[in-house]
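The values are calculated or read from the model by the stated rules, or taken from the named source; none is laboratory data. Because the structure is predicted, anything quoted here is derived from the model rather than measured. When we count neighbours, we look across all protein chains shown, and the Cβ atoms used for this are built from the backbone with ideal geometry, even at glycine.
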Amino acid sequence: MQQHDNLIGGEWVKGKRYSPNLNPSNLGDTIAEYAQGDAADVEAAVAAAMAAFPAWATGSVQARSDALDKIGNEILARKEELGTLLAREEGKTKPEGIGEATRAGHIFKFFAGECLRLAGEVLPSVRPNIGVEITREPVGVVGLITPWNFPIAIPAWKIAPALAFGNCVVLKPADLVPGCAWALAEIISRSGIAPGVFNLVMGRGSVIGNALVQHPNVHAISFTGSVGVGRGIAVECVKSGKKVQLEMGGKNPQVVLDDADLAQAVELSVQSAFYSTGQRCTASSRLIVTEGIYPKFIEAMKERMAKIKVGDALAQGTDVGPVSSQSQLEQDLGYVEIGKSEGATLAVGGERLTLGTEGYYMAPALFSDSGKDMRINREEIFGPVASVIRVKNYEEALATANDTEFGLSAGIATTSLKYATHFKRHSQAGMVMVNLPTAGVDYHVPFGGRKGSSYGPREQGRYAQEFFTTVKTAYTLA
Ligand SMILES: NC(=O)C1=CN([C@@H]2O[C@H](COP(=O)(O)OP(=O)(O)OC[C@H]3O[C@@H](n4cnc5c(N)ncnc54)[C@H](O)[C@@H]3O)[C@@H](O)[C@H]2O)C=CC1
Ligand SMILES: O=Cc1ccc(S(=O)(=O)O)cc1
């Protein structure tokens with residue numbers, strides 16, 4: 001079995017242990033073995049990043065831009081191969097995997113341009129004969145901790161701005177999906193950047209992630225994952241004065257009003273709730289439907305869901321691949337039982353599926369007649385499970401949509417300009433969609449939420465500089 005090592009200070013460093021990376025569509029398929037790092041590997045990676053930082057931080061932006069562009073070009077040239085690896089290790093369908101690899105390539109190319117555009121300000125002083133300059137400088141060594149659901153796009157959208165703005169990086173990918181992170185590290189290692197500027201340490205979150213968070217020479221942590229782990233990281237970062245940025249859960253609402261185009265509303269609800277196996281932080285799991293369209297909506301959803309093909313992520317024609325892991329499958333099936341016991345009606349799906357290969361398959365589940373305070377409508381499930389909540393009118397729909405501790409994305413299906421405009425202004429979410437699925441975002445504009453979903457500056461687009469740079473104000477006597 002092929003073994004893949006950690007990248008520390010420009011060297012491939014063997015692990016004391018390796019763990020197998022399994023295909024969730026077919027547990028008989030082991031992709032490869034990946035090093036399980038330890039605290040000593042983190043120590044070495046941070047030391048390498050510290051040593052590389054002064055030259056990288058003050059070096060030529062042309063060299064940075066060229067390296068990022070080269071990385072982006074190689075990802076795009078290999079998007080089919082990388083997308084296939086992604087589908088094989090995470091369970092997203094192959095077209096979704098290729099789409100995600102393409103997104104990663106575009107992100108690197110976007111930040112190849114952004115590092116040339118990093119601007120400051122020159123202002124007059126309020127005192128005579130003094131000039132004031134405001135500039136942005138890199139933060140230092142940044143620890144990037146990423147989840148399993150976007151194994152190449154989320155590492156890309158943290159690594160690219162970190163490097164573009166002159167930081168050195170230690171990446172700790174999710175233990176479930178090291179394959180794409182390793183492939184990305186291998187591409188970065190050949191991009192012309194100096195040893196130590198980018199480091200990869202794979203392994204357990206409680207070991208590697210925790211060592212990064214605790215390390216005094218790590219200056220900032222950017223994390224995407226669960227609320228519990230994210231909040232713990234934030235507490236530790238505040239204690240030691242590190243910059244911290246968190247992207248966590250969602251319980252994203254999709255509102256459907258009486259005046260919606262029914263076919264469009266059904267299509268975008270199915271896309272939001274079940275594609276990528278419902279394992280997107282932007283997925284919609286609460287479908288909030290006004291009473292005039294409710295019966296037609298439920299019937300049309302049942303009809304549309306009967307056409308969803310669950311299957312091997314790599315097989316042609318699969319719409320929805322497997323759940324990513326045994327524990328995630330148990331969580332999803334557990335919530336189906338919770339929904340039933342809470343009194344919601346299981347309208348479609350929700351059962352474990354046995355297909356041609358041994359994998360973590362389940363039929364996408366839709367609950368109708370669900371109450372807004374049921375656990376299935378309050379807790380993040382992170383799987384192909386959605387519930388419909390009946391409401392009287394737009395006002396109740398908006399109040400229900402906002403009645404959550406999360407606030408990542410929110411959608412409305414309506415033909416009314418009045419309601420669309422009101423919803424865009426009054427939705428308590430970081431991202432709002434009108435007649436579009438709640439999932440499906442651009443790579444060049446800010447990404448992030450409110451309330452319990454996010455903490456710290458936004459990711460993506462030019463807004464990424466807020467987290468990955470620190471501001472300096474300089475005064476000069478003329
Ligand atoms: N918002 C999002 O994009 C995501 C949300 N989730 C949510 O989290 C739930 C659990 O998924 P997990 O993979 O277990 O998420 P998690 O929060 O445990 O893992 C995310 C990352 O943090 C690392 N990590 C874990 N414990 C850590 C610690 N003590 N210190 C530092 N780093 C640590 C993990 O190794 C991984 O790289 C899911 O069911 C879902 O609800 C999961 C993935 C993505
Ligand atoms: O990389 C993170 C990421 C990428 C895409 C989406 S969405 O499916 O387009 O909403 C969400 C998060």
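Are any residues in region 203-214 touching a Gly at 6+ places or on another chain (Cβ under 6 Å) and either among the hydrophobic types (A, V, I, L, M, F, W, C) or away from ligand 1 (no atom under 15 Å from the Cβ) (or both), and if so, which ones? Hits for region 203-214 are Ile208, Leu212.
With respect to (1) part of a loop (DSSP other than H, G, I, E, B); (2) in contact (Cβ under 8 Å) with a residue 60 or more places away in the chain; (3) in the same structural domain as Ala464 (by TED's automatic domain parsing), the lone exception for Pro216 is condition (2).
Take region 215-227 and flag every residue that is more than 7 Å from ligand 1 (Cβ to nearest atom) and either over 13 Å from Val46 (Cβ atoms) or not small (Gly, Ala, Ser) (or both).
His215, Pro216, Asn217, Val218, His219, Ile221, Ser222, Val227 - these are the residues of region 215-227 that are more than 7 Å from ligand 1 (Cβ to nearest atom) and either over 13 Å from Val46 (Cβ atoms) or not small (Gly, Ala, Ser) (or both).
Here Lys242, Lys251, Lys296 are screened, and the one residue that is over 22 Å from Ile152 (Cβ atoms), away from ligand 2 (no atom under 16 Å from the Cβ) and surrounded by 22 or more Cβ atoms within 10 Å (Cβ to Cβ) is Lys242. Take the conditions in contact with a Pro (Cβ under 6 Å, 6 or more places away or on another chain) and either crowded, with 18+ Cβ neighbours inside 10 Å or in a strand (DSSP E or B) (or both) and apply them to Gly359. Does it pass? Yes, satisfied.
Here's the yes/no breakdown for (1) in contact with a strand residue (DSSP E or B) (Cβ under 7 Å, 6 or more places away or on another chain); (2) surrounded by 18 or more Cβ atoms within 10 Å (Cβ to Cβ):
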position: Ser370; (1), (2): yes, yes
position: Ile381; (1), (2): yes, yes
position: Ser409; (1), (2): yes, yes
position: Phe423; (1), (2): yes, yes
position: Arg458; (1), (2): yes, yes
position: Tyr463; (1), (2): no, no
position: Phe467; (1), (2): yes, yes
position: Val471; (1), (2): yes, no
position: Ala474; (1), (2): yes, no
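Reported count of residues in region 100-121, each being within 16 Å of ligand 1 (Cβ to nearest atom), crowded, with 22+ Cβ neighbours inside 10 Å and not aliphatic (A, V, I, L, M), is 1. Any residue at all in region 161-173 that is more than 16 Å from ligand 1 (Cβ to nearest atom) and in a strand (DSSP E or B)? There is at least one residue in region 161-173 that is more than 16 Å from ligand 1 (Cβ to nearest atom) and in a strand (DSSP E or B). Only residues that are under 18 Å from Tyr294 (Cα atoms) and either assigned to a strand (DSSP E or B) or within 25 Å of the chain's Cα centre (by Cα) (or both) were counted in region 233-271, giving 10.
The set of residues in region 275-309 being part of a helix (DSSP H, G or I) and within 16 Å of ligand 1 (Cβ to nearest atom) consists of Tyr275, Ser276, Thr277, Gly278.
So that you can scan it fast, the table gives a plain yes or no per residue for (1) under 18 Å from Val255 (Cα atoms); (2) modelled with pLDDT of 95 or more; (3) charged (D, E, K, R):
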residue	(1), (2), (3)
Ala273	yes, yes, no
Ser285	yes, yes, no
Val323	no, yes, no
Leu346	no, yes, no
Glu351	no, yes, yes
Gly359	no, yes, no
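Region 378-473 holds helices (runs of 4 or more DSSP H) entirely within its bounds, and those carrying 3 or more residues that are in contact (Cβ under 8 Å) with a residue 60 or more places away in the chain and under 29 Å from Lys302 (Cα atoms) map to 394-402. Would you say Ala211 is in contact (Cβ under 8 Å) with a residue 24 or more places away in the chain, within 16 Å of ligand 2 (Cβ to nearest atom), among the aliphatic types (A, V, I, L, M) and not in a loop (DSSP other than H, G, I, E, B)? In short, no. Sort out which residues of region 151-170 are under 27 Å from Val323 (Cβ atoms), crowded, with 24+ Cβ neighbours inside 10 Å and touching a helix residue (DSSP H, G or I) at 6+ places or on another chain (Cβ under 6 Å), and write them in order of number. Selection gives Pro151, Ile152, Pro155, Ala156, Trp157.
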